[in-house]
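We did not get these values from a lab; they are worked out from the coordinates using the rules stated. Small disclaimer: the values here were computed from a predicted structure and weren't measured. A quick note on method: Cβ atoms are made from the backbone with ideal geometry, for glycine too, and the neighbour counts reach across all protein chains shown.
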Amino acid sequence: AQKVTQAQTEISVVEKEDVTLDCVYETRDTTYYLFWYKQPPSGELVFLIRRNSFDEQNEISGRYSWNFQKSTSSFNFTITASQVVDSAVYFCALSEGGGSEKLVFGKGMKLTVNP
Amino acid sequence: GAVVSQHPSWVICKSGTSVKIECRSLDFQATTMFWYRQFPKQSLMLMATSNEGSKATYEQGVEKDKFLINHASLTLSTLTVTSAHPEDSSFYICSARSPSRPNEQFFGPGTRLTVL
């Protein structure tokens with residue numbers, strides 16, 4: 001069975017600090033996809049990244065970066081120089097079967113960035 | 001591209017009434033749509049998977065007679081909460097998958113249901 005664990009439930013930082021959101025997953029499939037979503041107070045899910053199980057390259061997109069390590073089954077997300085607009089709940093998610101199947105979400109991590 | 005809408009964005013109803021929520025893919029055809037429920041300060045939980053032209057597949061613990069799903073066309077799926085009760089109050093989110101981009105789900109903005 002697939003499972004996603006986000007051990008941190010809530011983090012509060014001051015603007016410009018770097019923050020890392022942890023995600024650990026469990027799956028028996030060799031083919032799977034990992035995702036990160038942002039959910040601001042409005043509730044709408046904002047897609048951030050998708051990574052397949054065969055691509056362990058780390059990715060950087062502006063202030064966002066992701067570290068995928070199959071050896072530890074982790075897919076961590078780092079925000080560099082955080083801003084108030086980064087305040088939201090962040091979800092890590094997993095889908096098996098080549099990505100065409102259902103998404104299983106972690107419990108989410110609420111990030112508050114204070115000015 | 002890949003825009004999904006939901007209607008209504010919020011609804012308040014009396015206990016015992018039924019509420020219908022629509023999920024539409026605006027610029028693509030969605031062979032599969034998913035319905036999620038999110039209680040306050042909790043994660044998204046999949047309720048059911050809806051395939052166009054066939055019966056929905058419900059997750060364990062989700063009552064199919066209470067949460068009626070109809071995926072009548074390639075651009076529309078509806079979720080009807082029948083005989084709603086206060087414990088059904090939640091944020092309902094749909095997502096849609098396009099055959100041309102099978103590894104992605106595109107999420108709607110969600111519908112907030114409050115049952116009095």
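Please identify every one of the trypsin sites (Lys or Arg not before Pro) in the stretch A:1-68 that sits in a loop by DSSP and has no more than 14 other beta carbons within 10 Å of its own beta carbon.
A:16, A:28, A:63
Dipole magnitude of the stretch A:1-100 about its Cα centre, charges +1 at Lys/Arg Cβ and -1 at Asp/Glu Cβ only, in debye to the nearest 20?
Roughly 160 debye, rounded to the nearest 20.
Taking loop as defined by DSSP and a crowding limit of 14 other beta carbons within 10 Å, which GluC sites (Glu not before Pro) in the stretch A:36-112 fit?
Those satisfying the criteria are A:56.
If the cut-off is a Cα-Cα distance under 17 Å, which lysines reach residue A:102, setting aside same-chain residues fewer than 8 apart in sequence?
The reachable lysines, counting only those whose Cα sits under 17 Å from residue A:102, are A:3, B:55.
Per residue and in Å³, how big is the convex hull formed by the alpha-carbon atoms of the protein assembly as shown?
Expressed per residue, the convex hull around the Cα atoms of the protein assembly as shown is 125 Å³.
Name the residue, out of B:81, B:19, B:62, whose mean-square fluctuation peaks in a Gaussian network model built on chain B with Cα pairs under 10 Å.
B:62
At what distance in angstrom do the alpha carbon centres of the stretch A:20-86 and the stretch B:51-98 lie from each other?
Here the two parts' Cα centres lie 28 Å apart.
Got a sec? Charge dipole of the protein assembly as shown, +1 on Cβ for Lys and Arg, -1 for Asp and Glu; which of B:61, A:80, A:11 is way out at the positive end?
The residue sitting most towards the positive pole is B:61.
Show the residues, 5+ positions off or on another chain, whose built amide H is closer than 5 Å to the amide H of residue A:111.
So residue A:111 has HN proximity to A:11, A:88, A:89, A:90.
Can you list, bin by bin at 10 Å, the percent of alpha carbon pairs in the stretch B:1-82, starting at 0?
Here the calculated profile for the stretch B:1-82 is 17, 49, 31, 3.
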